[in-house]
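Presented below is the structure to which this report refers.
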Amino acid sequence: MITVVGTGTGAPVPEGLLAGAALVVGGRRHLDAVRLPEGAERVVLGPLAPALDSIAECLGKKVVVLASGDPGFFGIVRALAERFGAERLDVRPGVSSVATAFARLGLPWDDAVVVSAHGRDLRTAVNVCRAHPKVAVLTGPGAGPAELGAALGDGRVLVVASALGDPERERVERVTPAGAAARDWGTAVSVVLCLDEAGALGAVRTVAGVPDRPTRWALDEGAFAHRDSMITKFEVRALALARLGPRLGDLVWDVGAGSGSVAVECARLGAAVVAVEKAADGVERIRANAEAHGVEVRAVHGSAPEALAGLADDPDAVFVGGGGRELPAVVGACARRARRTVVVAMAALDRVPAAREALTAAGFTCDGVLLQSSRLAPLPGDVTRLAATNPVFLLWGVRTPVSSEGVTE
């Protein structure tokens, strides 16, 4: 049996639990905090594979693994269960660093999104922090408070919890992202909370963790403030959203955003969103629509493609709406930076070939449709007719994956 013990957030290893152990595995600080039984082998956790191999050699003997907090929560339980089977594990969880950090603040965390940046791409954590008001980030080398703060920018408060459970070294500090970026935090950081403090208490939840997905999307135009019907119609939005695939951890650009209807819909589906709009009143309209739907959208005032140069982070997906003579240049600029998909909506037939060429020239596989729809419309006498909407071309480009050898798949 492999006994996995959660410790390190104030919970000591139960007395007698190590008795008779042939092998004790754990982080250096966990091992230094306990008295090992005579004759027990000690393995310091670094790279996981050698430690798992040592455990495999001791199967049939008593093995104890010391871990931080709750080892089943982004912890070593997954690797142990995959290698040896869950039936071989006796897990004794402690209190997770996330639960402890929120407890120190006196805040509930059933509405928090928890994201790990330990050994993972930091950009996912950054985009989750941009999109949601209460996020816990599990950090790691190269993905700590400084890197998170530098990437995040203004609009959030970071709470850096270090050495949780250590009565002498524990610290819980509120800092701005810029303040976090300017410091060397060392190796004692347990977790970073990223908060919009105005909404820190949150609403009563039924399902913990990931925010509720909307029950409807491709909302009616009447759900958004717009000018002179200058808004992407819901039929077009429905297919655009399907091709964009916005999700938690993504960054989406809405370029030529107009009312921001596409931007808001992407944010409602969990993505971090930047909306670029050249009209000043349009920028204010985007902000009002985002606030009305309770989502975060960063509205940028400027004309594409020039305004795109000021956006530091490359998007996962881009929606390009409207566009005049500059459309091919805008599409090309977006395609050069998009990691996954670019979707372009056009009313003018003449723009289609150039937009398609811009996508294919950037290495995208391109497809598209002409959308023509007719809506039910009432007539006098309690009868109904079909009212045609203006046809719209929708093109989408998908980046062709490249293998690790640099060969197009």
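At a 1.4 Å probe, what is the % contribution of carbon and sulfur to the accessible area of the stretch 170-212?
Accessible surface attributable to carbon and sulfur in the stretch 170-212 totals 54 percent.
Highest mean first, what order results for 284-294, 336-346 on Cβ atoms within 10 Å?
Highest-to-lowest ranking by the protection proxy: 336-346, 284-294.
I'd like the carbon and sulfur percentage of the solvent accessible area for the stretch 25-134, probe radius 1.4 Å, heavy atoms only, ligands and nucleic acids excluded.
Carbon-and-sulfur percentage of accessible area, whole number: 50.
Before I look further, what does the chain give for accessible area per residue, probe 1.4 Å, in whole square angstrom? It would help to have the intermediate numbers written out before the result.
Working: 20150 Å² over 409 residues.
Result: 49 Å² of accessible area for each residue.
How do 125-132, 28-35, 76-83 rank on mean C-beta neighbours within 10 Å, highest first?
125-132, 76-83, 28-35
Considering the chain, which cysteines have no disulfide-compatible partner, defined as another cysteine with its Cβ under 4.7 Å away?
Isolated Cys, the chain: 58, 266, 334, 366.
Need the full-extension length gain, residue 220 to residue 19, defined as separation in residues times 0.36 nm minus the C-alpha distance. One decimal, nm.
Numbers: separation 201, 0.36 × 201 = 72.36 nm, distance 6.64 nm.
Once the chain is fully extended between residue 220 and residue 19, it gains 65.7 nm.
What percent of all Cα-Cα pairs in the stretch 302-390 falls in each 5 Å bin, counting up from 0?
Result, from short to long distances: 3, 13, 21, 19, 13, 8, 7, 6, 5, 4, 2, 0 percent.
Given the whole protein assembly as supplied and a 1.4 Å probe, what does the accessible area of residue 74 come to in Å², nearest 10?
110
List the lysines whose Cα sits under 23 Å from the Cα of residue 278, skipping any in the same chain fewer than 8 residues away.
233
Based only on the alpha carbon positions, what is the Kirkwood hydrodynamic radius of the stretch 126-195, in angstrom?
11.9
Sort 12-23, 265-276 for me by packing, meaning the mean count of neighbouring Cβ atoms within 10 Å per residue, highest on top.
265-276, 12-23
Per DSSP helix of 4 or more residues, -39500 (n - 2.57); summed, then divided by the residues of the chain. What does that give at 222 nm, rounded to the nearest 500?
Rounded to the nearest 500, it is -7500 deg cm²/dmol.
The values are calculated or read from the model by the stated rules, or taken from the named source; none is laboratory data. Note that the structure is predicted; figures quoted are calculated from it, not measured. Using ideal geometry, Cβ is built from the backbone for each residue, glycine included, and neighbour counts are taken over all protein chains shown. The area values use the complete protein model at the heavy-atom level, side chains included, leaving out ligands, DNA and RNA. Shrake-Rupley method; radii C 1.70, N 1.55, O 1.52, S 1.80 Å.
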